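**Q** This is the structure I want to talk about, given as structure tokens.
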Amino acid sequence: MSHLTRANDVHKYQPISSAEHQAQERHHSIEDPAALDLDRHLESFKQSRRKRTAIILMGAVALFLFLYWAIDGSAQGLPSCDSVDLGFRCEPHVSQFWGQYSPYFSTPSEISTEIPDQCQITFAQILSRHGARDPTASKTTKYAELVDRIHSNATAYGTGYGFIKDYNYKLGADQLSVFGQQQLINSGIKYYTRYQKLTKGTTPFVRASGQERVVESALNWTQGFHDARLKDTKSDEDYPYPIVVISEDTGSNNTLDHGLCTEFESGFDSTIASSAQAIWVSIFTPSITDRLNENLPGANITNTDTIFMMDLCPFNTVADIEGFISPFCALFTEDEWHAYDYYQSLGKYYGFSWGNPLGPTQGVGFTNELIARLTNTPVDDHTSTNSTLDDSKQTFPIGGKTVLYADFSHDNDLTGIFSAMGLYNETAPLLNTTMQSVQDTNGYSASWTVPFAARAYFEKMSCVGASEEFVRILVNDRVLPLKTCGGDYLGRCTLSNFVDSLRFARDGGDWGKCFV
């Protein structure tokens, strides 16, 4: 029997009655979307069993090579690019400046990531973005058209550009790459290892937003967690773990995927990010565009095409099983990659963070769910939460033995959630005419917050001599200072102070402005 639990079934596969199902209101419908109907999803799993077996084998080979390279230093002269502990490490001066298209890497932390002395973790929630993927359907069409136009119209290829003449565009659309699958397997291993005192005997409760790449990422993560547990305990009777899949259908309540707030989705707010990015594009791309046209005469590259050419670097890199750096990356300088990273950061900040009036409100629902889990109390929310799910102990367990949680979502949704929690409130509004470094932005950038396979850890801990539990948050291995709740030198806030600091979410954000 499948370990993908349909969201309108209770944990452990006991389906609700048809009468109960019919009583569910439309906005609380949790059937999977038509495009990703779970039955069809499972059927596609069966049909592609051979392919998936090959992928698993390739992933196993990749993992072996990762370990071999880590010990030997090289394999046929090629360094290891990805690892469980540190993430992506090839050419960091370039690969860590691809915005949300950067593969996860362990970001620097001014506060030690170690569990403080005389403290023990009592609760651990991971909120993760899916792994590296192909471009979206609309983007892959544009990239293919650009490559075809260059092949048809370029009359010459400058030094360093010759590979484009023989380049065959083969990227798909929307799906996880094999590299992206391995990222989530690695993530499951790392989570198990970090919280080993809990994970050794406790199984995480897992949810995923309904898009296929998110569901598959959750599956890959549970595989990594399971493999780590087997090595540690030689037994894992709970595997495969149930996964609650929440619909991304239009009109569905889903705290892991924005979509309900109509003013945010289609109103004035929906153009703020693109407007901010357009100004920065007009500043940083013209000189690059000129150089591309000099080396690809006849191709008539535009500033928009320049962005697409830069996109081809990360997407071709993560399309490689081992993540070896694409030749497209060498067409641009280190400074130009920094400018590109800032372009992507502008898109996230003005699209889903405080640069957008309704951006943080999109993260209110999940924030209130986290409060419920941390405090062992019912969910109190009137925004994007699904009451049918959250009122059930099977589909939203709180307290008891459930102290490990794993939720899987998208980069835009993680950005909104982080903002709703005030995690980057020390970041001043990003300038769209002058580039700012992560030092200037107090640790905020798209590559530092929401890269492929990004993960945030929400920890609750009890410490000797403390009368109250503490909360601490790590985003891609960086311990956040949590200044909004009076974080101490170890990045900890008391549980009560942390919950008090989430007043924006507890009050519903600006949800009332969603339906003007």
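**Q** I need the calculated FRET efficiency for the pair Asp290 and Arg149, taking r as the beta carbon distance and R₀ as 22 Å, to the nearest 0.05.
**A** The pair Asp290/Arg149 has a calculated efficiency of 0.80.
**Q** Ok, one more. In nanometres, what is the gap between the two model label sites at His382 and Thr304, each 7 Å from Cα along Cα-to-Cβ?
**A** So the two model labels end up 4.3 nm from each other.
**Q** Also, quick follow-up: Could you pull out every one of the lysines with an alpha carbon less than 28 Å from that of Lys142, ignoring same-chain neighbours closer than 8 positions?
**A** Leaving aside lysines fewer than 8 places away in the same chain, those within reach of Lys142 are Lys51, Lys165, Lys170, Lys348.
**Q** Would you list, by chain and number, the lysines whose Cα falls below 20 Å from the Cα of Lys460, excluding same-chain residues fewer than 8 positions away?
**A** Lys190, Lys197, Lys200, Lys401, Lys483
**Q** I need to check one value: relative contact order of the range 355-419, counting alpha carbon pairs closer than 8 Å and at least 6 residues apart, in percent.
**A** Taking the mean separation of contacting Cα pairs over the length of the range 355-419, I get 47 percent.
**Q** Counting only the heavy atoms of the protein chains, how much of Val464 is accessible to a 1.4 Å probe, in Å² to the nearest 10?
**A** 110 Å²
**Q** So what are the radius of gyration and Dmax for the Cα set of the range 338-395, in Å?
**A** Spelled out, the Cα radius of gyration and Dmax of the range 338-395 are 15.6, 47 Å.
**Q** If you stretched the chain out fully between Ala156 and Thr375, how much longer would it get, using 0.36 nm times the residue separation minus the C-alpha to C-alpha distance?
**A** 72.4 nm
**Q** While we're on this one: Could you state the principal axis extents of the C-alpha atoms in the range 153-306, from the largest down, to the nearest angstrom?
**A** If we take the Cα atoms of the range 153-306, the spans are 63, 43, 25 Å.
**Q** Roughly how compact is the range 245-366, stated as its Cα Rg over 2.2 N^0.38 Å to two decimals?
**A** Taking N as the residue count of the range 245-366, the ratio is 1.30.
**Q** With all distinct Cα pairs included, what does the Kirkwood hydrodynamic radius of the range 119-179 come out to in Å, to one decimal, could you say?
**A** 14.8 Å
**Q** Something else: In terms of the ratio Rg/(2.2 N^0.38 Å) built on C-alpha atoms, what value belongs to the range 444-516?
**A** Rg over 2.2 N^0.38 Å, computed on Cα atoms: 1.32.
**Q** At a Cα cut-off below 18 Å, give the aspartates and glutamates reachable from Lys231, other chains included and same-chain residues fewer than 8 away excluded.
**A** Candidates past the 8-residue exclusion: Asp85.
**Q** Over the range 347-499, calculate the relative contact order: mean separation of alpha carbon pairs under 8 Å at least 6 apart, over the residue count, as a percent. Mind showing how you got there, number by number?
**A** Numbers: 197 pairs, mean separation 28.0, N = 153.
Relative contact order, the range 347-499: 18 percent.
**Q** Separate question: More than 22 Å apart: what percent of Cα pairs in the range 380-490 qualify?
**A** The proportion of pairs with Cα distances above 22 Å equals 47 percent.
**Q** A further question on this structure: Going by average Cβ density within 10 Å per residue, which order do the peptides 504-510, 180-186, 236-242 take, highest to lowest? Could you put the intermediate results ahead of the total?
**A** Working: 504-510: 18.7, 180-186: 28.1, 236-242: 15.7.
Highest to lowest by the protection proxy: 180-186, 504-510, 236-242.
The values are calculated or read from the model by the stated rules, or taken from the named source; none is laboratory data. This structure is a prediction, so every number in the text was calculated from the model and none was measured. In this analysis, Cβ positions are derived from the backbone assuming ideal geometry, glycine residues included, and neighbour counts consider all displayed protein chains. Ligands, DNA and RNA are stripped out before the accessible areas are found, and what is left, the full protein with its side chains, is counted by its heavy atoms. Shrake-Rupley method; radii C 1.70, N 1.55, O 1.52, S 1.80 Å.
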